[in-house]
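The values are calculated or read from the model by the stated rules, or taken from the named source; none is laboratory data. What you see is a predicted model, and the numbers here were worked out from it, not measured in a lab. All Cβ positions, glycine included, derive from the backbone under ideal geometry; neighbour counts span all protein chains shown.
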Amino acid sequence: MIKIYLTGMVIAALVLGLVATSNSDSAAQSSNFDKGQVGEIETIVRDYLLANPEILREVLSALEEKEEAERAAQIATAIEQYSDEILSAPASMVLGNPEGDVTLVEFFDYNCGYCKRAMPDLTALLETDENLRVVLKEFPILSEGSVDSAKASIAAANQGQYLKFHAELLNNRGTNDRSAALRAASNLGLDLDRFEKDMEAAETAKLIDETKELATNIGIQGTPAYIIGTTLVPGAIGVEGLREVISQARATN
């Protein structure tokens, strides 16, 4: 109700502006309405809105579309501004064709259920698209366990086992945390002493912090989130949805 009331006030203000603009004495005289005239205009606006309440829905819809368009433009600008940071990654975190004509960047959290369900989509894309380059960005936002898991995956990458470790955690139906990460590392035969040392390294934390800052600068608020070309795709949209965005990106290359 508050939103509708505020919208009505906005419409009233617009009507006042329109009336003032149409006044033969020009828009500059819009402040010349006396209290009686303003009251009459407000009554007209109120009566019109009461008789045609559906206009409020139209105005709200138009406002939402405008805000979405503005946000999309801001995101596109940010993607261009931070393109180097978006496309770069340690070698072990780049999948597919390193020289691919389209890069798909995924921001993910190891405890994100949608990220877990979306992993087969990425696998299917890599198996069927020889010109796709994929960059995986550790973006742990759900829990401290997510942070530990992200640190662990970077530690696994230092031993050349990033992809296998990544799959171990995303295939885990339970919660991913330090204990789960250590089990996965043991299953893969990693050097556990080195693994734990790398997890706690300052450089590991720095990589994660940089990704979080990058996501904030772009406007990413959840996981999974994909950047394909200059398009931000929030949420899991399925393999066909991703293929469509990839095709659009190729068409603009």
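Criterion first (out of contact with any Cys (no Cβ under 9 Å at 6 or more places or on another chain), of a type outside the set (Lys, Arg) and at positive phi) does residue 145 satisfy it? Please lay out each step first, then the result.
Details: out of contact with any Cys (no Cβ under 9 Å at 6 or more places or on another chain): yes; of a type outside the set (Lys, Arg): yes; at positive phi: no.
Judged against the criteria, residue 145 is not a match.
Residues in segment 170-191: is at least one β-branched (Val, Ile, Thr) and surrounded by fewer than 16 Cβ atoms within 10 Å (Cβ to Cβ)?
Here is the first cut: in segment 170-191, the residues β-branched (Val, Ile, Thr) are 175.
Imposing the further condition that a residue be surrounded by fewer than 16 Cβ atoms within 10 Å (Cβ to Cβ) reduces the set to 175.
There is at least one residue in segment 170-191 that is β-branched (Val, Ile, Thr) and surrounded by fewer than 16 Cβ atoms within 10 Å (Cβ to Cβ).
Can we say residue 97 is within 25 Å of residue 246 (Cα to Cα) and free of Cβ contacts under 8 Å to residues at least 40 places away in the same chain?
When the stated conditions are applied, residue 97 passes them.
Filter segment 50-71 for residues that are touching a residue at least 40 places away in the same chain (Cβ under 8 Å) and under 14 Å from the mean Cα position of the chain (by Cα) and give the result.
71
Looking at (1) modelled with pLDDT of 95 or more; (2) within 21 Å of the chain's Cα centre (by Cα), which one does residue 83 not meet, given that it meets all the others?
The single condition residue 83 does not satisfy is (1).
Exactly one condition in (1) more than 20 Å from residue 76 (Cα to Cα); (2) at pLDDT below 95; (3) surrounded by 15 or more Cβ atoms within 10 Å (Cβ to Cβ); (4) of a type in the set (Gly, Ala, Ser) is not met by residue 160; state its number.
Against the list (1) more than 20 Å from residue 76 (Cα to Cα); (2) at pLDDT below 95; (3) surrounded by 15 or more Cβ atoms within 10 Å (Cβ to Cβ); (4) of a type in the set (Gly, Ala, Ser), residue 160 comes up short only on (3).
Let's see how each residue does on (1) of a type outside the set (Ser, Thr, Tyr); (2) within 22 Å of residue 149 (Cα to Cα):
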position	(1), (2)
199	yes, yes
205	yes, yes
209	yes, yes
216	no, yes
220	yes, yes
224	yes, yes
233	yes, no
236	yes, yes
242	yes, no
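Out of 196, 240, 244, 203, I need the residue that is in the same structural domain as residue 116 (by TED's automatic domain parsing), farther than 17 Å from residue 142 by Cα, in a helix (DSSP H, G or I) and in contact (Cβ under 8 Å) with a residue 40 or more places away in the chain. Which one?
Result of the check over 196, 240, 244, 203: 196.
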